[in-house]
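Notes to accompany the following structure.
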Amino acid sequence: MAAGALCVAVQSQLGIPVITGMSEENPGVDLYRDALYIIDSGTNAARMRDVLAKMANLGRKLVNKNAIGLPAEEGYLRRGLLRDQVVEQTAARRLIDMLVAKVKGEPFESEMLPTSFESIPMPSGIKDLSKARVMLITDGGLVPKGNPDKIPGTAATRWGSYDIKGRDDLSGKDYEISHGGYDARFVQEDPDRLVPLDAMREMEQRGVIGKLHDEFISTSGRANPLSNTRRLGREMAEKAKREGVDAVILTST
């Protein structure tokens, strides 16, 4: 992800053509595929010679402003961009051919890059909730007054973590909503409707949960590209694990 950010900065601010190499599974691919040419480096360093050759060939074309071929021809990962082409067969004919091939079990290649969701195994249940540390996370955009982390209300690229240690209730005078697309008046009146601190404190006092974590995490989930949400989710999960959180309650709009 750092390499992708650096490449984008060099390309946009200095105007220098940039190429990088990543494996398809690298989280930087999701985040930067639309902005960069990313050569598929695979997961084996033994392919380095072939990868560097593809980078050099593509770099030569970029410098000389030559036409860039399709991903399969040049060796870069799909960027999710649509390119107009003149072809012999109509879209209807191509679609029927793909459908027939699929029904027959024959190989075919879609012209659209479908959104893929990796399979996430369900975690094991909490054996004893009365001893568990629980964290509250919301994508409803609740932030302290002034929005100190400048979380955008749409397509947020960042999240914030906010202290609730020693508090039993959230007051509307201390918080605001950075999230479009829903009527936030009811949350503004009582932020506990979105981040249920009051209910969680009651459960903590009754011994239903062991401990409520001293911070809650917030971001805006509105109109967010998959590349952003995957990255944000990883970062939040890493924080939760690092701070010994056993379970998370995720609230939304």
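The values are calculated or read from the model by the stated rules, or taken from the named source; none is laboratory data. Small disclaimer: the values here were computed from a predicted structure and weren't measured. All Cβ positions, glycine included, derive from the backbone under ideal geometry; neighbour counts span all protein chains shown.
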Checklist line | Where a residue in region 31-60 is at positive phi and its partner, wherever it lies, is modelled with pLDDT under 95 and of a type in the set (S, T, N, Q), with Cβ under 8 Å and at least six apart | finding: Gly42/Ser23
Next item on the list: Pick out the one residue from Arg167, Arg230 that is of a type in the set (Lys, Arg) and more than 29 Å from Ala35 (Cα to Cα).
Entry: Arg167
Notebook entry, point to check: Looking only at region 109-145, which residues are at pLDDT 95 or above, of a type in the set (A, V, I, L, M) and loosely packed, with under 15 Cβ neighbours inside 10 Å?
Noted result: none
Note to self: Being more than 19 Å from Tyr162 (Cα to Cα), surrounded by 13 or more Cβ atoms within 10 Å (Cβ to Cβ) and without any contact (Cβ under 8 Å) to a residue 24 or more places away in the chain is the filter here; which residues of region 205-253 pass it?
What the structure shows: Thr229
Notebook entry, point to check: In region 56-74, how many are exposed (fewer than 10 other Cβ atoms within 10 Å of the Cβ) and in contact with a strand residue (DSSP E or B) (Cβ under 8 Å, 6 or more places away or on another chain)?
Noted result: 0
Note to self: I'd like to know if region 71-78 contains one or more residues that are at pLDDT below 90, farther than 30 Å from Ile164 by Cα and of a type in the set (Ser, Thr, Tyr).
What the structure shows: no
Notebook entry, point to check: Is it the case that some residue within region 28-47 is out of contact with any Lys or Arg (no Cβ under 6 Å at 6 or more places or on another chain), loosely packed, with under 13 Cβ neighbours inside 10 Å and of a type in the set (Asp, Glu)?
Noted result: no
Next item on the list: Sort out which residues of region 8-32 are within 19 Å of the chain's Cα centre (by Cα) and either at pLDDT 90 or above or among the hydrophobic types (A, V, I, L, M, F, W, C) (or both), and write them in order of number.
Entry: Val8, Met22, Val29, Leu31
Notebook entry, point to check: Only one of Val8, Val18, Val103 is out of contact with any Cys (no Cβ under 9 Å at 6 or more places or on another chain), of a type in the set (Val, Ile, Thr) and touching a residue at least 12 places away in the same chain (Cβ under 8 Å); which?
Noted result: Val8
Checklist line | Output for region 176-204, where each listed residue is touching a residue at least 60 places away in the same chain (Cβ under 8 Å) and among the aliphatic types (A, V, I, L, M) | finding: Leu197, Met200
Notebook entry, point to check: Hey, any hits in region 180-190 for a residue that's more than 24 Å from Ser119 (Cα to Cα) and buried (at least 17 other Cβ atoms within 10 Å of the Cβ)?
Noted result: yes
Margin query: When you check Leu81 against the structure, is it under 29 Å from the mean Cα position of the chain (by Cα), under 26 Å from Pro17 (Cα atoms) and either loosely packed, with under 10 Cβ neighbours inside 10 Å or modelled with pLDDT under 90 (or both), yes or no?
Written below: yes
